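The structure under discussion appears below in the form of structure tokens.
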Ligand SMILES: [Zn+2]
């Protein structure tokens, strides 16, 4: 028996969970009144409430 063997069903279940959470996250982010913080070393800014990230518009 290989100890590093990962059960496919487990992976599929996790993928499903990620997908569900991604959808939930998108829903939260689309309803968030973003409060952005800008970091000088990044071309992106991030919302401190929902962690939505976007390019800083110029
Ligand atoms: Zn936000």
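Values quoted throughout were computed directly from the atomic coordinates according to the rules given, and no laboratory measurement underlies them. Please read these numbers as outputs of a predicted model, since none were measured by experiment. Positions of Cβ are generated from backbone atoms using ideal geometry, with glycine treated the same way; all protein chains shown enter the neighbour counts.
Could you work out how far helix 8-30 tilts from the main Cα principal axis of the chain, as a 0 to 90 degree angle to the nearest 10? The two axes meet at around 20 degrees.
For the chain, go through all pairs of different Cα atoms, get the mean of 1/r, take its inverse, and jot down that Kirkwood value in Å. The answer is 14.0 Å. If R0 is taken as 25 Å, the Cβ-Cβ distance between residue 13 and residue 51 corresponds to a FRET efficiency of 0.55.
Working note: 222 nm ellipticity from helices only, DSSP H runs with n ≥ 4, each -39,500 (n - 2.57), summed and divided by the residues of the chain, gives -14000 deg cm²/dmol to the nearest 500.
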